[in-house]
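These notes are about the structure you will find just below.
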Amino acid sequence: MRNKNILITGGAGFIGSHVVRLFVEKYPEYHIFNLDALTYAGNLENLKDIENHKNYTFIKADITHEDVINDLFIKYKFDSVIHLAAESHVDRSIKDPLAFVKTNVIGTMNLLNAFKNCWNNDFSNKLFYHVSTDEVYGTLGETGLFTETTSYDPNSPYSASKASSDHFVRAYGETYNMPYVITNCSNNYGQNQFPEKLIPLFINNIINNKPLPVYGDGNYTRDWLYVIDHAIAIDLVFHKGKNHDTYNIGGFNEWKNIDLVKLLCKQMDIELNREEGTSEKLITYVKDRPGHDLRYAIDASKIKNELGWEPSVTFEQGLEKTIKWFLNNENWLNNVTSGQYKSYYEKQYN
Ligand code: NAD
Ligand code: TYD
């Protein structure tokens, strides 16, 4: 018997696929609907191992299509939504901001409206879980941490669109008493990440002996979290988080880009049996990203103190697992880097 119909959006993407797998395997009593438009970032190969599970259904649909989304809520009566579908890459948002407004803002609005109409304002045992980013807080200087009460101050079209969607979720909570939680997480890395983001892009370039394009002077800082630890945090907040609340999720793990890239090069040399220093020679400083945020760093003490969550692996361990996965899954990497990827890469880096 199904006692929960959970809609996970963006489940064919990087983080979404790990969340879908965790929920499908851990909760056979729930039915998990994975709704994804399968954009360049969505890949059903990420879920091959669970695609035949009885409690799993894939729905190919686009969250910007209002009527389709409404019909799906009428048909399946989703009790809860875990919303991850988004355009997620800052560099792409600089080239095409409107695509980010369409999916991240309008798409989120369509889900909120469909959820609200489906339950006709009777929300007992229902939840809208919105997955967001620490980038909504803008940039930090050399010191300080983002907390849940830090003011929003987004600098890129991506972070502005995510900030906007966060505000709408919160507004629906206040105005219509819709139950919601929002989590704002730091930079994720791990298996299945599309090779446009720093770590998988650089792993792929090292494998292929291509330049490693470090933006600006490389002295930008990010906090990195292993993707499976993010999925575990989402499970915890989904079940135990306070209604109408937000939680920051982070790895307690700040790295300057250039230091991270040097560590990655070192680990790649070991895995590829290359002489130490070989991969570092590929580092190439390139033109900076416009509006590049200097530093993100998360104070994740609220989720730690209230829900007992902490990252389960160190950065070195997570990075090693990630590198090994990419090296053992060359087909995955070759499939996603064929076709459209090449023209994206040329436009972005040449
Ligand atoms: P991703 O780009 O890997 O995956 C996004 C998924 O959404 C893809 O499967 C794509 O096909 C789907 N999608 C895109 N537009 C859609 C649409 N219009 N309709 C339906 N599906 C659509 O992204 P990710 O890195 O897995 O991020 C997932 C979520 O987590 C996003 O909301 C992102 O803002 C947030 N987040 C990401 C990070 C990170 O470091 N990657 C950190 C914090 C928060
Ligand atoms: P990215 O993975 O795009 O995540 P975000 O911009 O959401 O933090 O980038 C992480 C950091 O790495 C960021 O400071 C930009 C930098 N970067 C490069 O130096 N070169 C690159 O080719 C990419 C993609 C990112």
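The residues on offer are Ala85, Ala99, and the sole one that is farther than 12 Å from Tyr172 by Cα, free of Cβ contacts under 8 Å to residues at least 24 places away in the same chain and in contact with a helix residue (DSSP H, G or I) (Cβ under 9 Å, 6 or more places away or on another chain) is Ala99. Quickly run through the range 108-140 and pick out the residues that are part of a strand (DSSP E or B) and touching a Leu at 6+ places or on another chain (Cβ under 8 Å). Phe128, Val131, Leu140, listed by residue number.
Does at least one position in the range 65-82 carry a residue that is under 14 Å from Ser132 (Cβ atoms) and either open to solvent by 10 Å² or more (accessible area, probe 1.4 Å) or within 16 Å of ligand 2 (Cβ to nearest atom) (or both)? No, that holds for no residue. Please enumerate the residues belonging to the range 1-20 that are open to solvent by 20 Å² or more (accessible area, probe 1.4 Å), in contact (Cβ under 8 Å) with a residue 60 or more places away in the chain and touching an Asp or Glu at 6+ places or on another chain (Cβ under 8 Å). Lys4, Asn5, listed by residue number.
Every residue, every condition in (1) over 30 Å from Leu333 (Cβ atoms); (2) out of contact with any Cys (no Cβ under 9 Å at 6 or more places or on another chain); (3) open to solvent by 30 Å² or more (accessible area, probe 1.4 Å), yes or no:
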site: Arg170; (1), (2), (3): yes, yes, yes
site: Phe202; (1), (2), (3): no, no, no
site: Pro211; (1), (2), (3): no, yes, yes
site: Leu236; (1), (2), (3): yes, yes, yes
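Set side by side, the residues Glu254, Glu271 differ, and just one is under 17 Å from Phe146 (Cα atoms), of a type outside the set (S, T, N, Q) and surrounded by fewer than 21 Cβ atoms within 10 Å (Cβ to Cβ), which is Glu254.
Within the range 284-292, not a single residue is modelled with pLDDT of 95 or more, assigned to a helix (DSSP H, G or I) and either open to solvent by less than 50 Å² (accessible area, probe 1.4 Å) or in contact with a helix residue (DSSP H, G or I) (Cβ under 7 Å, 6 or more places away or on another chain) (or both). Kindly establish whether Lys95 is open to solvent by 20 Å² or more (accessible area, probe 1.4 Å), more than 11 Å from ligand 1 (Cβ to nearest atom) and at pLDDT 95 or above. So Lys95 passes the test.
Is it true that some residue in the range 92-107 is under 30 Å from Leu294 (Cα atoms), of a type outside the set (S, T, N, Q) and part of a loop (DSSP other than H, G, I, E, B)? Within the range 92-107, one or more residues are under 30 Å from Leu294 (Cα atoms), of a type outside the set (S, T, N, Q) and part of a loop (DSSP other than H, G, I, E, B).
One residue stands out in the range 242-263 among those that are within 16 Å of ligand 1 (Cβ to nearest atom) and of a type outside the set (S, T, N, Q): the one that is farthest from Tyr137 (Cα to Cα), namely Leu260.
Considering the range 302-330, and only residues there that are part of a loop (DSSP other than H, G, I, E, B) and not polar (S, T, N, Q), the residue that is least open to solvent (accessible area, probe 1.4 Å) turns out to be Trp309. Filtering the range 22-41 to residues that are closer than 29 Å to Trp119 by Cα, assigned to a loop (DSSP other than H, G, I, E, B) and open to solvent by less than 70 Å² (accessible area, probe 1.4 Å) leaves Tyr27, Ala37, Leu38. Do we find a residue being at pLDDT 95 or above, within 27 Å of Tyr176 (Cα to Cα) and not in a strand (DSSP E or B) anywhere in the range 45-54? No; the residues of the range 45-54 include none that is at pLDDT 95 or above, within 27 Å of Tyr176 (Cα to Cα) and not in a strand (DSSP E or B).
This table checks each residue for (1) within 12 Å of ligand 1 (Cβ to nearest atom); (2) acidic (Asp, Glu); (3) modelled with pLDDT of 95 or more.
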position	(1), (2), (3)
Lys60	yes, no, yes
Glu66	yes, yes, yes
Asp71	no, yes, yes
Lys75	no, no, yes
Ser80	no, no, yes
Phe100	yes, no, yes
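The values are calculated or read from the model by the stated rules, or taken from the named source; none is laboratory data. Every value quoted in this text rests on a predicted model; they were computed, and no experiment measured them. Glycine gets a Cβ as well: all are built from the backbone with ideal geometry, and neighbour counts include every protein chain shown. Heads up: the accessible areas ignore ligands, DNA and RNA and are worked out on the full protein's heavy atoms, side chains in. Shrake-Rupley method; radii C 1.70, N 1.55, O 1.52, S 1.80 Å.
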